[in-house]
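The values are calculated or read from the model by the stated rules, or taken from the named source; none is laboratory data. Fair warning: this is a prediction, and the values are worked out from it, not measured in the lab. Positions of Cβ are backbone-derived with ideal geometry, glycine not excepted, and every protein chain shown enters the neighbour counts.
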Amino acid sequence: MPSDEIMNAARPRAAAALPRRVLFIQHAGCLGGSATSLRYLVEGLRSVGVEGTVALARPARDLEAFYAAADIATVPAAEICCWDHSTVAPRHLTNPRHLLDLASVAVRWRSSRAATLRLVERVGADLVHLNSMPLGSSAAALAEEGVPFVWHVREPPPDQGLRTAAIRRLLLRAPVRIFISRHDKQAWIGGAAAHIVPNCVPDDWFAEVPPPTDADGVVRCAYLGGFSTAKGIDVLAEALTALRGQTGGWRCVMPWCLPDAAAAGRERPLKRAARLLGHRTLADRLRPRFAALAPEVELRPFTRDVRGLLGDVDFVLFPAVRPHFPRPVIEAAALGRPAIGSRIGGVDECIDDGVTGVLCPPGDPVALAAAIRRYLEDAPVRRAHGAAARDRARRIHSLSAQVAAVSAAYREALACRPESLAG
């Protein structure tokens with residue numbers, strides 16, 4: 001990773017060896033970008049002699065199986081409380097769910113701190129890696145007891161309310177901080193020092209993957225954001241509607257946009273009741289609109305084979321309207337596929353506009369449609385951007401680069417005794 005991608009949080013008093021065993025505390029209770037990023041990291045750290053155990057604050061069979069497939073040990077840790085995780089969904093005091101979350105954290109704060117320390121002792125960890133911002137009670141306990149740890153924040157502040165203020169206060173006193181983008185770091189702690197370590201892709205993804213054949217005259221793209229307002233699904237609907245019939249053959253593949261039987265079976269009772277009473281989700285409202293765009297738009301169910309899916313398209317779309325890290329963009333880049341995304345925090349750090357992809361104003365379907373049309377009609381530019389995207393991703397987003405950067409943070413955490421977060 002380039003040296004300017006990392007800002008050290010403090011100067012270690014002396015060089016420190018890497019920890020032999022790290023306890024990773026995972027906040028998320030489902031498969032997604034956070035779980036994927038953590039699995040890659042734990043696998044990569046084995047190459048430098050670091051073994052990891054993942055504690056699941058929200059235990060789930062899917063997660064246990066996901067980590068077990070990589071021979072990563074997990075332990076249930078439901079006693080650890082988490083702030084409501086809402087990377088791209090603000091929570092306001094008028095939202096009952098947010099109020100319940102605040103009350104739950106307040107009630108469980110002390111017991112969560114104690115549970116964190118018991119878990120460290122049980123696993124025999126030399127260092128603790130908090131995998132995201134919701135783990136404030138664990139951070140407070142570890143710092144107060146002088147347990148070496150790093151706090152790896154994987155999202156920007158979801159709002160500027162009470163929760164954000166409380167987490168920011170803890171972050172500013174944490175000993176070693178990692179952020180996945182400069183935007184997130186600035187939004188959380190301003191000019192305070194931290195490590196900037198972008199999310200990664202496994203090194204073997206960078207093997208040459210030829211672009212799909214265009215013998216049928218069809219250019220293919222993919223959108224992997226699901227039915228999320230924050231990821232720009234509404235903007236995408238307008239852009240694709242405008243493109244239909246205005247340009248040559250094209251297809252837009254949209255995985256995770258058809259109902260998944262397994263997920264439906266795990267639907268929370270309250271959501272199931274609301275559906276029976278006639279409540280329509282964003283997916284319910286937009287799915288017919290995209291279905292009407294067939295065959296140009298192809299809705300698909302959930303898939304774990306992201307690599308295979310991206311290898312079959314020419315470029316990806318990430319029209320986000322709220323800042324966050326665009327994992328599909330770096331995964332596509334590793335395979336030599338360029339991206340069209342929004343000029344917005346996090347996304348603009350993963351796309352070099354006019355070199356590895358195209359940036360559009362967020363929330364602008366006209367600009368998005370124009371960018372898509374250019375890629376559909378100009379294969380040489382599209383392929384040149386894809387080649388540049390792979391070169392850039394190999395330097396910045398490879399697993400090797402992340403392991404080196406996280407290892408530096410670990411050495412710092414072991415060499416510097418954390419300051420207390422109490423008070």
**Prompt:** Residue check: is A70 in a loop (DSSP other than H, G, I, E, B), of a type in the set (G, A, S) and modelled with pLDDT of 95 or more?
**Reply:** yes
**Asked** Going by the conditions given, is D84 in a loop (DSSP other than H, G, I, E, B) and at pLDDT below 95?
**Response** yes
**Message:** Condition first: buried (at least 24 other Cβ atoms within 10 Å of the Cβ) and over 18 Å from V313 (Cβ atoms). Now tell me which residues in the stretch 324-345 satisfy that.
**Reply:** H324, F325, S342
**Request:** State whether the residues of the stretch 265-283 include one that is touching an Asp or Glu at 6+ places or on another chain (Cβ under 9 Å) and at pLDDT 70 or above.
**Result:** yes
**Request:** Keeping to the stretch 356-391, report how many residues are touching a residue at least 40 places away in the same chain (Cβ under 8 Å) and among the acidic types (D, E).
**Result:** 2
**Message:** Being assigned to a helix (DSSP H, G or I) and over 18 Å from G33 (Cβ atoms) is the filter here; which residues of the stretch 52-63 pass it?
**Reply:** R61
**Complete:** Note on G226: of the conditions (1) in a loop (DSSP other than H, G, I, E, B); (2) under 30 Å from A114 (Cα atoms), unmet is (2)
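Identify, please: which residue in the stretch 197-223 is part of a helix (DSSP H, G or I) and surrounded by fewer than 18 Cβ atoms within 10 Å (Cβ to Cβ) and is, among those, nearest to the chain's Cα centre (by Cα)?
D203
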**Request:** Could you run through the stretch 178-193 and say how many residues are outside any loop (DSSP other than H, G, I, E, B), closer than 20 Å to H397 by Cβ and touching a strand residue (DSSP E or B) at 6+ places or on another chain (Cβ under 8 Å)?
**Result:** 5
**Message:** So A413 passes all but one of these: (1) modelled with pLDDT under 95; (2) surrounded by fewer than 19 Cβ atoms within 10 Å (Cβ to Cβ); (3) not charged (D, E, K, R). Which condition number does it fail?
**Reply:** (2)
**Message:** assigned to a helix (DSSP H, G or I), at pLDDT 80 or above, surrounded by 13 or more Cβ atoms within 10 Å (Cβ to Cβ) and β-branched (V, I, T): is that true of V253 in this structure?
**Reply:** no
**Item:** Of all residues making up the stretch 38-62, the number that are more than 19 Å from R122 (Cβ to Cβ) and touching a Cys at 6+ places or on another chain (Cβ under 7 Å)
**Value:** 3
**Message:** Residues to consider are A367, A405, A384; find the one that is within 24 Å of the chain's Cα centre (by Cα) and part of a helix (DSSP H, G or I).
**Reply:** A405
**Prompt:** Does G311 qualify as being under 17 Å from G386 (Cβ atoms) and modelled with pLDDT under 95?
**Reply:** yes
**Prompt:** In the set A408, A404, which member is assigned by TED's automatic domain parsing to the domain that holds L23, touching a His at 6+ places or on another chain (Cβ under 9 Å) and under 30 Å from G146 (Cβ atoms)?
**Reply:** A408
**Request:** Go through the stretch 134-177 residue by residue and tally those that are of a type in the set (A, V, I, L, M), within 14 Å of I25 (Cβ to Cβ) and free of Cβ contacts under 8 Å to residues at least 60 places away in the same chain.
**Result:** 2
**Complete:** Across the stretch 17-39, the tally of residues that are part of a strand (DSSP E or B) and β-branched (V, I, T) stands at 2
**Message:** On the basis of being in a helix (DSSP H, G or I) and over 22 Å from R39 (Cα atoms), does L359 make the cut?
**Reply:** no
**Request:** Check the stretch 94-112 and report whether any residue there is at pLDDT below 90, part of a helix (DSSP H, G or I) and in contact with a Leu (Cβ under 8 Å, 6 or more places away or on another chain).
**Result:** yes
